[in-house]
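For reference, the structure discussed in these notes is given below.
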Amino acid sequence: MVPLSYYLLLSAILFSIGAVGVLIRRNVLIMFMSIELMLNAVNLSFVAFSRFLDSLEGQVFVFLVMAVAAAEVAVGLAIIICIFRNKATVNVDEINLMKG
Amino acid sequence: MELALFVIFGAVAVASAIMVIVSRNAVVSALFLILTFFCLAGLYVLLNAQFIAALQIIVYAGAIMVLFVFVVMLLRTGKEARRGYRLIFQKSMGIIFVVLFLLLLGSITLTVAVTGMRGPYTAEAVRHIGNTQAFASVLFTDYLYPFEIISVLLLAGIIGAVVLAKRKR
């Protein structure tokens, strides 16, 4: 059986890739995809813990995270469409209307 | 065999995740993100979570990514500029700090042994009654209230998306 630490390490790598994506990209759609990547990395460690602790609670939490992610994507993409309609850009450096 | 599958799925997941964040084209990013989700579904099957694997493909690779691709197609985004960040050193400092963060996480995951209270659902027990039935018996007894509240959250999400994306008259 593959040890738990391998799954946790893979989850940490995927989370870090997602964090790099949020930090270095300025296309708001790709930043949003990186956030999805981070959510999935956390889901992987939930399922791994659930398997190695003989408990199904982790899978229940993954189910809840997926529902929250679906709601988040729907609202987030609606906000992006709203911003694009007003500013005609998806570059986060140009979306600075609320900057003091 | 299991280790080989883990290595294949993990390597493809990491490679396609890197492609998501380096690709210049948002549609290419979305397609590589779908590949990452499929690899994660394979890992969930390796972890005896078949129901979650099916949900991963149906909800993430299906519903959420269709929404993403649809919005990417809807907005003509054009090419992203490579230079001229508003914040200086944003790219280099971001990568440096995330690598440090990864070293921290990696040292924790490789050294700390997980000890906790074990639940009743061993691999044999789950195989005997079926993963979906075992999952449902936990979800609809101990976690019934979160399940009901999540339905309210999804309703709020639907209404919020419609109100935000509606064109003002």
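Structural remarks
- The criterion of being within 29 Å of A:SER5 (Cα to Cα) and among the aliphatic types (A, V, I, L, M) does not hold for B:VAL66.
- From B:LEU35, B:LEU102, residue being in contact with a helix residue (DSSP H, G or I) (Cβ under 8 Å, 6 or more places away or on another chain), surrounded by fewer than 20 Cβ atoms within 10 Å (Cβ to Cβ), of a type outside the set (D, E, K, R) and without any contact (Cβ under 8 Å) to a residue 12 or more places away in the chain: B:LEU102
Let's see how each residue does on (1) within 8 Å of another protein chain (Cβ to nearest Cβ); (2) surrounded by 12 or more Cβ atoms within 10 Å (Cβ to Cβ); (3) within 29 Å of A:VAL60 (Cα to Cα); (4) modelled with pLDDT under 80:
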{"site": "B:LYS79", "(1), (2), (3), (4)": "no, no, no, yes"}
{"site": "B:ILE95", "(1), (2), (3), (4)": "yes, yes, no, no"}
{"site": "B:GLY106", "(1), (2), (3), (4)": "yes, yes, yes, no"}
{"site": "B:ALA113", "(1), (2), (3), (4)": "no, no, yes, yes"}
{"site": "B:PRO120", "(1), (2), (3), (4)": "yes, no, yes, no"}
{"site": "B:TYR145", "(1), (2), (3), (4)": "no, no, yes, no"}
{"site": "B:LEU164", "(1), (2), (3), (4)": "yes, yes, no, no"}
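- Residue in the range A:6-14 that is touching an Asp or Glu at 6+ places or on another chain (Cβ under 8 Å), facing another protein chain (nearest Cβ under 7 Å) and either under 24 Å from B:SER137 (Cα atoms) or buried (at least 23 other Cβ atoms within 10 Å of the Cβ) (or both) present: no
- Residue within the range A:57-69 that is part of a helix (DSSP H, G or I) and either of a type in the set (Ser, Thr, Tyr) or under 23 Å from B:ARG167 (Cα atoms) (or both) present: no
- Scan of the range A:12-56 for residues that are touching a residue at least 60 places away in the same chain (Cβ under 8 Å) and part of a helix (DSSP H, G or I), ordered by number: A:VAL28, A:LEU29, A:MET31
- Given (1) over 24 Å from the mean Cα position of the chain (by Cα); (2) aromatic (Phe, Trp, Tyr); (3) under 30 Å from B:VAL22 (Cβ atoms), index of the condition B:TYR121 fails: (3)
- Long-range neighbours under 7 Å by Cβ, at least six apart or interchain, first residue under 18 Å from A:ILE80 (Cα atoms) and facing chain A (nearest Cβ under 7 Å) within the range B:59-76, second surrounded by 14 or more Cβ atoms within 10 Å (Cβ to Cβ) and among the aromatic types (Phe, Trp, Tyr): B:LEU75/A:PHE84
- Residue that is farthest from B:ALA41 (Cα to Cα) [pool: residues in the range A:18-32 that are of a type in the set (A, V, I, L, M) and more than 7 Å from chain B (Cβ to nearest Cβ)]: A:VAL28
- Among residues of the range B:24-48, those that are in contact with a Leu (Cβ under 9 Å, 6 or more places away or on another chain) and facing another protein chain (nearest Cβ under 9 Å), counted: 10
- Test: residue in the range A:33-46 that is more than 20 Å from B:ALA26 (Cα to Cα), facing chain B (nearest Cβ under 7 Å) and buried (at least 23 other Cβ atoms within 10 Å of the Cβ): yes
- Verdict on B:GLY94 being outside the structural domain of B:ASN25 (by TED's automatic domain parsing) and within 22 Å of A:LEU10 (Cβ to Cβ): yes
- Number of the exception - B:GLY10 against (1) farther than 21 Å from A:LEU44 by Cα; (2) assigned to a helix (DSSP H, G or I): (1)
- Enumeration of residues in the range A:70-100 that are at the interface with chain B (Cβ under 7 Å from one of its Cβ atoms) and either under 30 Å from B:ILE52 (Cβ atoms) or in a helix (DSSP H, G or I) (or both): A:ALA70, A:ALA71, A:VAL73, A:ALA74, A:VAL75, A:LEU77, A:ALA78, A:ILE79, A:ILE80, A:ILE81, A:CYS82, A:PHE84
The values are calculated or read from the model by the stated rules, or taken from the named source; none is laboratory data. Here the structure is a predicted model, which is why all the values come from computation and not from measurement. With ideal geometry, Cβ positions are generated from the backbone for all residues, glycine too; neighbour counts draw on all protein chains shown.
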